[in-house]
Amino acid sequence: MKIVHKINLANISVIILIALTGFFAFQNINLVLTKLRFTEIADDLNTSFLEMRLSEKNFFLYGDTSALSEIGSKIDESMTTLESVGPDIIKAIGRENLGELKACLGRYRIEVETLKGKGAQGVEMQAGLRETGQQLREFSDRISRLERIKVNSIISRSKRQLFSSLCFILITAIGLRYMTFFNILRSLKQIKNVVASISQGDFRAIETEIPRDELGTVMTAINAMSMELENREEQIIQSKKLASLGILTAGVAHELGNPLNNISMIAQTYMEVYENLSKEDRIDFMVKIEEETQRIKHIVDNLLDFSRPKKSRNTVADLNGVVLRSFKLVQNMIHVCNVEARLDLAEDLPAVLIDEGQIVEVLINLMTNSLQASSPGARLTVTTSCLPENEFLRITLEDTGKGIPQELLDHVFDPFFTTKGNSGTGLGLFVSYGIVKNHQGTLKVSSKEGVGTCFTIELPVYNPNIKEEA
Amino acid sequence: MSPHRIMVIDDESIVGKMLKAVLEQEGYEVEPFLSAAPALARLKEEKFDVVITDLKMKGIDGMEVLHTVKKESADTKVIMITAFASLDSAVEALRGKVDDFFPKPVKIKDLKACIERLLGA
Ligand SMILES: Nc1ncnc2c1ncn2[C@@H]1O[C@H](COP(=O)(O)OP(=O)(O)OP(=O)(O)O)[C@@H](O)[C@H]1O
Ligand SMILES: [Mg+2]
């Protein structure tokens, strides 16, 4: 159901409840009013009966027959009052009660008439009259008392009814609203979570049951988007792979081109000038061919290194030790380049699970690059540190070399990207990147032309609880 | 008649060495260079009949060598060596401007014939 419909339904049901409560309260008030009107009549009757009994007394005391006619007219009056009582009142007090009252009044009239005819004689007649008068009064007294009690009970009943229906209305209103908003909030929270994870690159869908309301529509849309994004990303990754494969093949072709050309030229020259060559020259030619094949082998090895997921010979190692070892290996080069190299190693670093040989290779690649980019007197600072939360260790290599121009920064990790002509293969950073990535780490570069370059390696801290994947 | 002078510019040292060996046997005078800058400096001092240059070099590349040579001595022939002809879009731009070009691996016999042709014309 749509949210709008839910809210409308909630509102309508609350309104119906209020109307019902009002209706019942109105009914009760009406009833009370009728009852009250009747008690008024009953009071009137009571007064008449009282007057009748007074006249009755006068008659007995003074034998005054005019008193009897007075009673007669009072009886007529009361009769008309009773006759004129509306049907609502009859219903309110009950038809039998009214009938009984009328009958009693009739008997009284007969007795009065008889007495009028006989004068003050018949003593039993007198007693009969007194008794009926008494009954009449008591009867009307009782009825009006009963009616008052009833009115009271009706009022207190309506009070209770009103109170409980108010409570009910409140609870329903609040409950319905809460339920509606609870559902909305829950859906919103799910949407928020999924959108957050999508933005992190985790393309999952909303897995809970999808409500059939507006938010449900949004959720379905988000799920569709997530799927679409996932597909797109796959496509992008695929095309990136193809692109780097393209760079790689073009690079391989180009890179292999030179040594192949060299071998070919040596062979051709050998044939051309064979007769003029001394024994040493001939050996020299063959040595050169051998060197060029080694060069090709080196390129192919590097490529295989990168493309083949290496059998990792991972061991738990102290990163500072690895940095020191690499540092010693380039010590001679540092000396030759006259670069001021400095180590700044954090103490008590947690261990890492690494292939030491490979990480040493990465560090040597990076330090060699720095040294090659530095002029005498430049500085190279290597630091290690532990990132907050103890999950990653960081190595930074910062040099004050010539830096990398902004427009080349995106390409330094590309295979065969080099600014060193034939003295560089352009595979150093490409291979290093692959190694660090295989270690679940990251390798990043920042640089400013003319100021210096900083490479940052981050490697995960060894966690003995995580079994290494085979 | 003094021998023809040929300059070879390629950062692969073997190219220079081999061409020197072959071409000197043919009676040419050959000077190899590993980069364009000293080669161009040398061109200012001395006139060369043929300049054989690699296209892709760090620093000054073959393209620039071509322009400078043609500007300074229009009758010096320029032969371009390119690593992979089909891959270098620059090759198209070279057509008509260079006197000839050779993809690597270079066929030395063809190169020799080419030089003869260029010098004979
Ligand atoms: N610290 C640095 N300072 C300046 N430029 C750098 C630095 N590190 C790398 N570069 C640039 O990135 C390019 C690629 O480096 P990479 O190590 O991949 O190849 P290379 O050093 O050219 O070749 P090789 O590593 O085979 O000797 C370099 O040619 C250089 O232009
Ligand atoms: Mg390098």
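Laboratory data are not the source of any read-out in this text; all were calculated from the coordinates shown. Predicted model, so just to flag it, every value in this text is computed and none were measured. Cβ placement follows ideal geometry from the backbone for every residue including glycine, while neighbour counts extend to all protein chains displayed.
Among A:ILE395, B:THR68, B:SER35, which residue has its Cα furthest toward the positive end of the charge dipole of the protein assembly as shown, with +1 on Lys/Arg Cβ and -1 on Asp/Glu Cβ?
A:ILE395
Using 7 Å Cα-to-Cβ label points, what is the A:LYS189/B:GLU29 separation (nm, one decimal)?
Distance between the two pseudo-spin positions: 9.1 nm.
Could you point to the residue in A:SER55, A:THR39, A:ASN258 farthest towards the positive end of the protein assembly as shown's charge dipole, with +1 and -1 charges on the Cβ of Lys/Arg and Asp/Glu respectively?
Checked the options; the winner is A:SER55.
If contacts are Cα pairs under 8 angstrom and at least 6 residues apart, what is the relative contact order of chain A in percent?
11 percent
Calculate the dipole size of chain A relative to its Cα centre from +1 charges on Lys and Arg beta carbons and -1 charges on Asp and Glu beta carbons; express the result in debye to the nearest 20.
For this selection, approximately 2120 debye.
Between the helical axis of A:356-373 and the dominant principal axis of chain A, each derived from Cα atoms, what acute angle in degrees is found, rounded to the nearest 10?
So the helix axis and the longest Cα principal axis differ by about 70 degrees.
Where a ≥ b ≥ c are the square roots of the eigenvalues of the C-alpha gyration tensor, would you call segment B:5-119 rounded, which needs a/c under 1.5, or, failing that, prolate if a/b is larger than b/c, or oblate?
rounded
Pull up the cross-link candidates among the lysines for A:LYS444, meaning alpha carbon to alpha carbon under 16 Å and not fewer than 8 places away within one chain.
none
Quickly rank A:26-37, A:426-437, A:45-56 as a protection proxy: mean count of other C-beta atoms within 10 Å, highest first.
In descending order of packing, they fall as A:426-437, A:45-56, A:26-37.
Using only Cα atoms, find the angle between the long axis of helix A:214-273 and the longest principal axis of chain A, and express it within 0 to 90 degrees, rounded to the nearest 10.
For helix A:214-273, the angle is close to 0 degrees.
Could you let me know the centre-to-centre spacing of segment A:411-442 and segment A:1-29, using Cα atoms, in angstrom?
If we compute the Cα centre of each part, the gap is 74 Å.
Averaged across the residues of B:10-21, what count of C-beta atoms belonging to other chains lies within 10 Å of each residue's C-beta?
6
Give the average, rounded to an integer, of partner chain Cβ atoms located within 10 angstrom of each Cβ in A:266-277.
Taking the mean over all residues of the peptide, I get 4.
Sorted from fewest to most neighbouring beta carbons within 10 Å, what does the list A:SER78, A:SER165 look like?
A:SER165, A:SER78
With +1 assigned to the C-beta of every Lys and Arg and -1 to the C-beta of every Asp and Glu, and no other charges, what is the dipole magnitude of segment A:315-460 about the Cα centre in debye, to the nearest 20?
460 debye
Taking every residue in B:100-112, how many Cβ atoms of other protein chains lie within 10 Å of its Cβ, on average?
3
Set the Förster distance to 22 Å, then compute FRET efficiency between A:THR383 and A:MET333 from the Cβ-Cβ distance, nearest 0.05.
For R0 = 22 Å, the calculated efficiency reads 0.65.
Rounded, prolate or oblate, given the Cα gyration tensor of the protein assembly as shown, with a/c below 1.5 counting as rounded?
The shape class here is prolate.
Would you mind checking the tilt of helix A:319-329 against the longest principal axis of the Cα atoms of chain A, expressed as 0 to 90 degrees and rounded to 10?
Helix A:319-329 and the main axis of chain A meet at about 20 degrees.
Between segment A:313-355 and segment A:35-60, how many Å separate their Cα centres?
Between the Cα centre of segment A:313-355 and that of segment A:35-60, the gap is 121 Å.
With helices defined as uninterrupted DSSP H runs, which ones in chain B have an alpha carbon span along their own long axis of at least 24 Å and mean Kyte-Doolittle hydropathy of at least 1.6?
none
Taking Cα pairs under 8 Å and at least six residues apart, what relative contact order does segment A:315-460 come out at, in percent?
This gives 24 percent for segment A:315-460.
Hey, if you put +1 on the Cβ of every Lys and Arg and -1 on every Asp and Glu Cβ in chain A, which of A:ALA351, A:ILE289, A:ALA221 ends up farthest toward the positive end of that dipole?
It is A:ALA221.
Under a crude label model (7 Å from the Cα following the beta-carbon direction), how far is A:GLU209 from A:THR114 in nanometres?
8.4 nm
With Cβ to Cβ distances under 13 Å as the rule, what net charge do the other residues near A:GLU56 carry (K, R +1; D, E -1)?
+2
R0 = 56 Å: FRET efficiency of A:ASN8 with A:GLU233, Cβ-based, nearest 0.05?
E between A:ASN8 and A:GLU233, to the nearest 0.05, is 0.85.
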